[in-house]
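The values are calculated or read from the model by the stated rules, or taken from the named source; none is laboratory data. Values in this document were obtained by computation on a predicted structure and should not be read as measured data. Methodologically, a virtual Cβ is constructed for each residue, glycine included, from the backbone with ideal geometry; neighbour enumeration extends over all protein chains shown. Remember, those area values only see protein heavy atoms, side chains included, never the ligands or the DNA or RNA. Shrake-Rupley method; radii C 1.70, N 1.55, O 1.52, S 1.80 Å.
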Amino acid sequence: MKTQLSQGLSRRDFLKLISLTPVSIFARPLSNLAAAVNAGKPNIIIIVFDAWSASNISLYGYPRQTMPNLEQFVENATVYHNHFSAGTFTVPGTSSLLTGLHPWTHRAFQLGAGIIAEHVDHTIFSALSATHATLGYAQNQLADQLLYQTDRYLDTHILNGSLNVQNNLV
């Protein structure tokens, strides 16, 4: 028997939506923090959402407003709607996004693996660090490990989990 919450929301749908809460609450403070990192440089904020289904996000056509802060944030942003991952899970996919290389070139194939040393200095952060404010945050620990590899090119590296709801309750 399917458990229904108020207003016809199934338990499964509720759990899917509640997993999106940290970003919906903190998307605006994250953009404000990025602006404060280096006011003299333009900001490029790259937000990577790992393991989401676009079919449950209002930004991508879901009928209910599920992430109002993210929607407000993207009103003045460039959003890519037709993209494909270079990897089947976090490590190779995020490494490819950061380096612009295929997994067989950056060699980040498995859990705990990182970008090989010869490509760590050839990431989006190294390319932009001289002309743009760079801030890194990853909700996912595997993606955060990749940010640590490129830490010297980040003006600010927000610690993994520091924006989680449970860590910010008073």
* Structure fact -> residue 154 neighbourhood, Cβ < 15 Å, K/R = +1, D/E = -1, net charge -2
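Quick check on segment 66-170: what does the Kirkwood estimate of hydrodynamic radius come out to from the alpha carbon pairs, in Å? Please report the intermediate quantities before stating the final value.
Values: mean 1/r = 0.0665 Å⁻¹.
When all Cα pairs of segment 66-170 are included, the Kirkwood radius is 15.0 Å.
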* For segment 94-170, run through the chymotrypsin sites (Phe, Trp or Tyr not before Pro) and keep only the ones in DSSP coil with at most 13 other Cβ atoms within 10 Å of their Cβ. => 109
* Structure fact -> So the carbon and sulfur contribution to the accessible area of segment 39-170, 1.4 Å probe, in percent, is 54 percent
* Asked: log₁₀ I(q)/I(0) of segment 82-142 at q = 0.20 Å⁻¹, via Debye over equal Cα point scatterers, no solvent, to two decimals?
  -> -0.78
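Taking the alpha carbon gyration tensor of segment 44-91, what are the square roots of 5 times its eigenvalues, largest first, to the nearest whole Å? Intermediate results must be reported in sequence, preceding the final value.
Working: eigenvalues 77, 42, 18 Å².
In descending order, the three semi-axes are 20, 15, 9 Å.
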* Asked: Residue separation times 0.36 nm, minus the C-alpha to C-alpha distance between residue 74 and residue 104: what's the value?
  -> 7.5 nm
* Structure fact -> Simple spin-label estimate for residue 122/residue 83, 7 Å along Cα→Cβ, in nm, reads 2.0 nm
* Given a 1.4 Å probe, how much area per residue of segment 89-128 is accessible, in Å²? -> 49 Å²
